[in-house]
Amino acid sequence: MHPSRGSAMNNVSITDTCGQPMSEKKDYCDSVNTDSGFLSGHNLNSSENIGAEESSSSEINPKNVGTHTAAPAPIEKQIEEPCSNVDSGMIPDEEPSSRDMGLFDICERFDRLMKRDWMKTFQQDEMGETQLHLAVYERNEEHIAKLVTNLPRQFLNIQNDDGQTALHLAVLTDQPKVVRRLLLAGIDRSIRDVDGNTALHLASGTGKVVIVKELLASPSFNETSQGVFQTNVPLDMESWNYDGKTCVHLAAEAGSIEVIRSLVEAGADINAREGKSGMSPLHISIEKGNEQLANFLLDECPLLSLEAVTYAGMTAYQLALVRDKRILIGDLTKRGAEPISLPESEAESDSDDEMISNYYGASTFSAAYSGLSAINVS
């Protein structure tokens, strides 16, 4: 159908940008820059383009129609791109966009992410603990420093099966330096364990004064520049754990005067009532018979309320009467406590159940003593 195509293709002359025919170059066929022809059709003449050129030539010279004797004039085609930019035929390895990625690609990339060393470091074992938890157990401060450096905060806050973060463990194992390092790294101090205790609850309940001060202390200028230390006083000072106790109640039960002093200086409410019976730290000191703690509260806490009552309406003075703490009764009287006697029903009653009900409030023991009726304390 195209009798003149073969001769036309044989006579095509390709020249470089300098005008020199490529066929005359010695290393033309061996050049590493020779176009492979893969994905580079814009540099070569396709058969359609050649046919179009022949048709155009025939239209210009009608004498060539129907004859095969005269060879068409040589057609020279120059490549506009310089020799150095000749297509190598290789497809660049470009990063696909997220919208072009399929589900398989996403899963494969996630699998590669999970195989990175720093991800393995924070995979949880059968107890829910990471290498950071284990490093705290081992007291390996150097390893802890490496683990928390430039780490996303969400990995710092991983909890084990007991709901404990590395900060909880650092408190329980009495490591104030580790506590400080974790705080500087940005660990969340408000996370609760399975008993509803934050790190500050645990430190207060165990009488760890140094750690309490670390948890409450504001960061220095150098520490602020090094990390993302939370500058605000933690809100968990006034929150109950799942036993209805705040930090001051736990410190009072532990008999730790220094912890209570630190909490009060940081703004804790010394008259806070615990959730089950409504006792304040002063009530707890009287119940425990801790005269030293009671005197500290009476002498060094100017905001202390002597007339605060439990959910059963009992003041500290009345509780001292019930517990027969004569020395504490005298101390309370000297500090201005109102000497309110017990109601007759409480003074004359021989029933232990009634005494317990009036002492703590019926809601506390309604489950254990079926004879008591629950009261609404809201």
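The values are calculated or read from the model by the stated rules, or taken from the named source; none is laboratory data. Remember, predicted model here, so these are calculated numbers, not experimental data. Glycine gets a Cβ as well: all are built from the backbone with ideal geometry, and neighbour counts include every protein chain shown. The accessibility values were calculated without ligands, DNA or RNA, using every heavy atom of the protein model including side chains. Shrake-Rupley method; radii C 1.70, N 1.55, O 1.52, S 1.80 Å.
Observations
- Counted over all Cα-Cα pairs of region 126-223, pairs farther apart than 17 Å make up 46 percent.
- Computed accessible area, residue 301, all protein chains, 1.4 angstrom probe, square angstrom: 10
- Stokes-Einstein D in µm²/s, Kirkwood radius over Cα pairs - region 243-338 at 4 °C with 1.567 mPa s viscosity: 100
- The heavy atoms of residue 300 present about 100 square angstrom of accessible area, all protein chains included, probe 1.4 Å.
- Note on surface exposure: 314, 127 rank 127, 314 by accessible area, highest first, 1.4 Å probe.
- With every protein chain in place and a 1.4 angstrom probe, the accessible-area ranking of 260, 340, largest first, reads 340, 260.
- Only protein heavy atoms count here; on that basis, with a 1.4 Å probe, residue 137 has an accessible area of about 110 Å².
- The length gained on full extension between residue 221 and residue 162, counted as 0.36 nm times the residue separation minus their Cα-Cα distance, comes to 17.7 nm.
- With R₀ fixed at 45 Å, the C-beta to C-beta distance from residue 333 to residue 239 puts the FRET efficiency at about 0.85.
- The residues of region 243-338 have, on average, 40 Å² of accessible surface per residue, using a 1.4 Å probe with all protein chains present.
- Using the Cβ of residue 325 as centre and a radius below 13 Å, the other residues enclosed give a net charge of -1, where K and R count +1 and D and E count -1.
- Pairs beyond 18 Å (Cα-Cα), from 177/245; 177/208; 177/213: 177/245
- Relative contact order, whole percent, for region 243-338 stands at 25, derived from Cα pairs under 8 Å and 6 or more residues apart.
- Per residue accessible area in Å² of region 126-223, where ligands, DNA and RNA are left out and the probe is 1.4 Å: 44
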